[in-house]
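K.L.:
Just passing along the structure, written as structure tokens.
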Amino acid sequence: MRMRKKKNLIPRMERCAPCRVQDGFALRGRWREALMPSARELRLEIGCGKGRFSAETAEQNPDVLYIALERVPDAMIVAMERCQAKGLTNIFFIDGDAALLRDYFAPDEVDLLYINFCDPWPGMKHARRRLTHEQFLILYRGILREGGQIHFKSDNHDLFEWSLFQFPKAGFVLSDVTRDLHGEGVRGVMTDYEEKFHLLGAPINRCVGAKEPMDPEPEFHPIAGPTRGPAGGGTGQEDDGGGGETKT
Ligand SMILES: C[S@@+](CC[C@H](N)C(=O)[O-])C[C@H]1O[C@@H](n2cnc3c(N)ncnc32)[C@H](O)[C@@H]1O
């Protein structure tokens, strides 16, 4: 996704301080305790973009703690301002990268994880960058509780079909697999991308993966990427692409 640089990003970020987590690494293992002890669940969205889904989902479930991760501050600012405009107090944002999730969250800390319309990274050369690659799914295993779920949506047929083979390799049982989520009318909260593609007539794919025990546990290989620290440095970084048709 290419994002235009936002004007006044830094003062706008400062105004969103109440819902922005400055040092997510320091909250590892105590997100609920520090932010919302009464929360019945902790749900994490990876790559929230401009946050339509984040804001509406958090609004609908005020007893759930939501954490939204996004590595492009120019997108995340829009998401944070949306949540502030709604007066939400159960959603917080991390300016960071999915590759570092095990540094942000302790084992079993997350109940549910959303991956919505992630970049398809066409061509096998970049397959490992896809957020549904087996190695990313193994990374998520390390923070999800047993039985915890991943909810995945995509407009990209090739990415979706490829992902369906990745989930079982990482110990996730698939359910609710559909290739036309809104075929009989809109279902669930839409994301910004989803609304755009749906209006263009593109069918939306969705599935749920539930973490089941594996013996032995799959080996986790740290994912090459950023080192610890805010991914965008708070100054407005452009995404490095990944759009277009997936060829698998
Ligand atoms: C195609 S957009 C979709 C945005 C939103 N989920 C939606 O459906 O409207 C993908 C988003 O994921 C973010 N993203 C991609 N890789 C990421 C990573 N490794 N860590 C955090 N965010 C990431 C991008 O910056 C971008 O905002």
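The values are calculated or read from the model by the stated rules, or taken from the named source; none is laboratory data. These figures come from a predicted structure and were not determined experimentally. Methodologically, a virtual Cβ is constructed for each residue, glycine included, from the backbone with ideal geometry; neighbour enumeration extends over all protein chains shown.
K.L.:
Search segment 191-226 for residues being within 10 Å of the ligand (Cβ to nearest atom) and at pLDDT 95 or above, and hand back the single one that is nearest to V78 (Cα to Cα).
P.N.:
Within segment 191-226, the first condition is being within 10 Å of the ligand (Cβ to nearest atom), and the residues that meet it are 191-197, 223, 225-226.
Going one step further and asking which of them are at pLDDT 95 or above, we end up with 191-197.
Values: T191: 13, D192: 11, Y193: 14, E194: 17, E195: 17, K196: 17, F197: 20 Å.
Restricting to residues being within 10 Å of the ligand (Cβ to nearest atom) and at pLDDT 95 or above, the top hit is D192.
K.L.:
Identify the residue in segment 20-36 that is among the charged types (D, E, K, R) and under 12 Å from E109 (Cβ atoms) and, among all such residues, is nearest to the ligand (Cβ to nearest atom). Walk me through how you get there before you give the answer.
P.N.:
Taking segment 20-36 and keeping what is among the charged types (D, E, K, R), we get 20, 23, 28, 30, 32-33.
If we keep only those that are under 12 Å from E109 (Cβ atoms) as well, we get 28, 30, 32-33.
Working: R28: 17, R30: 22, R32: 22, E33: 24 Å.
Top of the filtered list is R28.
K.L.:
Another question, then. Out of the residues in segment 188-224 that are assigned to a strand (DSSP E or B) and of a type in the set (K, R), state the one that is nearest to L144 (Cα to Cα).
P.N.:
Our first condition is that a residue be assigned to a strand (DSSP E or B); within segment 188-224, this holds for 205-211.
With the extra rule that they be of a type in the set (K, R), the set shrinks to 206, 211.
Numbers: R206: 19, K211: 8 Å.
Per the criteria, the residue is K211.
K.L.:
In segment 44-58, how many are within 12 Å of the chain's Cα centre (by Cα), more than 7 Å from the ligand (Cβ to nearest atom), of a type outside the set (S, T, Y) and assigned to a helix (DSSP H, G or I)?
P.N.:
Number of matching residues: 0.
K.L.:
Within segment 164-173, can one find any residue that is at pLDDT 95 or above and over 20 Å from C207 (Cα atoms)? Lay out the reasoning, then the answer.
P.N.:
Of segment 164-173, the ones at pLDDT 95 or above are 164-173.
Among the residues that remain, those that are also over 20 Å from C207 (Cα atoms) are: none.
No, that holds for no residue.
K.L.:
Regarding P226, is this residue surrounded by 13 or more Cβ atoms within 10 Å (Cβ to Cβ) and under 21 Å from L100 (Cα atoms)? Break it down stepwise before answering.
P.N.:
Numbers: surrounded by 13 or more Cβ atoms within 10 Å (Cβ to Cβ): yes; under 21 Å from L100 (Cα atoms): yes.
It is true that P226 is surrounded by 13 or more Cβ atoms within 10 Å (Cβ to Cβ) and under 21 Å from L100 (Cα atoms).
K.L.:
Is it the case, given these coordinates, that V177 is at pLDDT 95 or above, closer than 22 Å to I77 by Cβ and either more than 16 Å from the ligand (Cβ to nearest atom) or of a type in the set (A, V, I, L, M) (or both)? First the steps, then the outcome.
P.N.:
On the way: at pLDDT 95 or above: yes; closer than 22 Å to I77 by Cβ: no; either more than 16 Å from the ligand (Cβ to nearest atom) or of a type in the set (A, V, I, L, M) (or both): yes.
No.
K.L.:
Which condition number does M124 fail, the rest of (1) surrounded by fewer than 22 Cβ atoms within 10 Å (Cβ to Cβ); (2) within 13 Å of the ligand (Cβ to nearest atom); (3) farther than 26 Å from E59 by Cα being met?
P.N.:
(2)
K.L.:
Here's something else I'd like to know. Being aliphatic (A, V, I, L, M), farther than 25 Å from T227 by Cβ and surrounded by fewer than 19 Cβ atoms within 10 Å (Cβ to Cβ), is that true of even one residue in segment 44-64? Steps first, please.
P.N.:
Pass one, segment 44-64, residues aliphatic (A, V, I, L, M): 44, 46, 55, 58, 64.
Now drop any that are not farther than 25 Å from T227 by Cβ, which leaves 55, 58, 64.
Going one step further and asking which of them are surrounded by fewer than 19 Cβ atoms within 10 Å (Cβ to Cβ), we end up with 64.
For segment 44-64, residues aliphatic (A, V, I, L, M), farther than 25 Å from T227 by Cβ and surrounded by fewer than 19 Cβ atoms within 10 Å (Cβ to Cβ): present.
K.L.:
May I ask you to verify whether L131 is at pLDDT 95 or above and within 9 Å of the ligand (Cβ to nearest atom)?
P.N.:
Numbers: at pLDDT 95 or above: yes; within 9 Å of the ligand (Cβ to nearest atom): yes.
Criteria met by L131.
K.L.:
Could I ask something else about it? Between A106, A170, A99, which is within 11 Å of the ligand (Cβ to nearest atom), touching a residue at least 12 places away in the same chain (Cβ under 8 Å) and of a type in the set (G, A, S)? Break it down stepwise before answering.
P.N.:
On the way: A106 fails: within 11 Å of the ligand (Cβ to nearest atom); A170 fails: within 11 Å of the ligand (Cβ to nearest atom).
Only one candidate qualifies: A99.
K.L.:
Mind telling me which of the residues A75, A39, A17 ends up being within 15 Å of the ligand (Cβ to nearest atom) and either at negative phi or touching an Asp or Glu at 6+ places or on another chain (Cβ under 9 Å) (or both)?
P.N.:
On the way: A39 fails: within 15 Å of the ligand (Cβ to nearest atom); A17 fails: within 15 Å of the ligand (Cβ to nearest atom).
None of the other options fit; the residue is A75.
K.L.:
Consider segment 182-197. How many of its residues are charged (D, E, K, R) and surrounded by fewer than 17 Cβ atoms within 10 Å (Cβ to Cβ)? Give the steps one after another, and end with the answer.
P.N.:
Narrowing segment 182-197 to residues charged (D, E, K, R): 184, 187, 192, 194-196.
Add one more test, that the residue is surrounded by fewer than 17 Cβ atoms within 10 Å (Cβ to Cβ), and what stays is 184, 187, 195-196.
Residues in segment 182-197 being charged (D, E, K, R) and surrounded by fewer than 17 Cβ atoms within 10 Å (Cβ to Cβ): 4 in total.
K.L.:
Give me the pairs, please: first residue somewhere in segment 110-139 and without any contact (Cβ under 8 Å) to a residue 24 or more places away in the chain, second residue anywhere and in a helix (DSSP H, G or I) and hydroxyl-bearing (S, T, Y), beta-carbon distance under 9 Å, and either six or more positions apart or on two chains.
P.N.:
Final answer for the pair search is none.
K.L.:
I need the full set of residues from segment 1-12 which are more than 16 Å from the ligand (Cβ to nearest atom) and touching a helix residue (DSSP H, G or I) at 6+ places or on another chain (Cβ under 6 Å), in order please. I'd like the intermediate steps shown before the answer.
P.N.:
Step one: filter segment 1-12 for residues more than 16 Å from the ligand (Cβ to nearest atom), giving 7-8, 10-12.
Once the filter is applied, which keeps residues that are more than 16 Å from the ligand (Cβ to nearest atom) and touching a helix residue (DSSP H, G or I) at 6+ places or on another chain (Cβ under 6 Å), segment 1-12 yields only R12.
K.L.:
Go over the candidates G229, G148, G244, G188 one by one and state the one that is within 16 Å of the ligand (Cβ to nearest atom) and either at pLDDT 95 or above or touching a helix residue (DSSP H, G or I) at 6+ places or on another chain (Cβ under 7 Å) (or both). Step through it out loud before you land on a result.
P.N.:
Details: G229 fails: either at pLDDT 95 or above or touching a helix residue (DSSP H, G or I) at 6+ places or on another chain (Cβ under 7 Å) (or both); G148 fails: within 16 Å of the ligand (Cβ to nearest atom); G244 fails: either at pLDDT 95 or above or touching a helix residue (DSSP H, G or I) at 6+ places or on another chain (Cβ under 7 Å) (or both).
When all the criteria are applied, what remains is G188.
K.L.:
Out of the residues in segment 11-29 that are in contact (Cβ under 8 Å) with a residue 40 or more places away in the chain and assigned to a loop (DSSP other than H, G, I, E, B), which is nearest to the chain's Cα centre (by Cα)? Let's see the steps before the verdict.
P.N.:
Let us first name the residues in segment 11-29 that are in contact (Cβ under 8 Å) with a residue 40 or more places away in the chain, namely 12-13, 15-16, 18-21, 24-25, 27-29.
Okay, now just the ones that are also assigned to a loop (DSSP other than H, G, I, E, B), so 16, 21, 28-29.
On the way: C16: 20, V21: 16, R28: 17, G29: 19 Å.
Restricting to residues being in contact (Cβ under 8 Å) with a residue 40 or more places away in the chain and assigned to a loop (DSSP other than H, G, I, E, B), the top hit is V21.
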